[in-house]
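The values are calculated or read from the model by the stated rules, or taken from the named source; none is laboratory data. What you see is a predicted model; the values in this text were computed from it and never measured. Heads up, the Cβs are rebuilt from the backbone with ideal geometry, glycines too, and the neighbour counts pull from every protein chain shown.
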Amino acid sequence: MSSTITSASAASSARSRPRVIAFAALSVLFVAAALWKPKDDGIPLCALKLGTGVSCPGCGMTRGLAALGRGEPAVSVRYHAFAPLIAAAAVIAWALLGVGLLTGRDVFPDLNSRRFQVACLVFIAAFIAYWLFRLWRGTTP
């Protein structure tokens, strides 16, 4: 009896409303990235850059992800070197959410684990270091 309750709660966790919404949102973003062709006419898409004139750590990410969606990885990396990593993480998250929705099993990793938190901190440190390097070199979009 308890194993039935446990598997039922795992299935409902894997099919929870936030996970369904996240899966749908990522699906829409993938289609939008494949279809959208942002103009590179010098008008910044970044609110921080529009307001202050200083590029944010993610400046170029939107255009980089759109370039990836169109199958242009070299253009993507020119806009932002982290765009392929962000895209890969989004695809992995989308796939794990999809498997969970189809099977009812929770295959998504524990986001509260120490390993995941350390990996996020390392990623954030590298992201900020890349931003500072781009500011120093004057290569931000």
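Computed values, structure above
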quantity: Filtered residues of the range 66-82 (kept if among the basic types (Lys, Arg) and either under 20 Å from VAL31 (Cα atoms) or touching a helix residue (DSSP H, G or I) at 6+ places or on another chain (Cβ under 6 Å) (or both)); calculated: ARG70
quantity: Of residues in the range 22-62 being more than 20 Å from LEU135 (Cα to Cα) and basic (Lys, Arg), the one modelled with the highest pLDDT; calculated: LYS37
quantity: Residues being under 19 Å from LYS49 (Cβ atoms) and out of contact with any Cys (no Cβ under 7 Å at 6 or more places or on another chain) - total across the range 115-141; calculated: 12
quantity: Elements of type helices (runs of 4 or more DSSP H) contained in the range 50-132, each with 2 or more residues being touching a Gly at 6+ places or on another chain (Cβ under 6 Å); calculated: 73-79
quantity: Output for the range 63-77, where each listed residue is hydroxyl-bearing (Ser, Thr, Tyr) and modelled with pLDDT under 85; calculated: none
quantity: For VAL99: the one exception among (1) farther than 18 Å from ALA22 by Cβ; (2) of a type in the set (Val, Ile, Thr); (3) without any contact (Cβ under 8 Å) to a residue 24 or more places away in the chain; calculated: (1)
quantity: From ARG134, ARG105, residue being buried (at least 16 other Cβ atoms within 10 Å of the Cβ) and more than 16 Å from the chain's Cα centre (by Cα); calculated: ARG134
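Here is a yes/no grid of residues against (1) more than 21 Å from PRO38 (Cα to Cα); (2) among the hydroxyl-bearing types (Ser, Thr, Tyr):
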position: CYS56; (1), (2): no, no
position: GLY60; (1), (2): no, no
position: LEU68; (1), (2): no, no
position: ARG78; (1), (2): no, no
position: ALA81; (1), (2): no, no
position: PRO84; (1), (2): no, no
position: ALA126; (1), (2): yes, no
position: LEU132; (1), (2): yes, no
position: THR140; (1), (2): no, yes
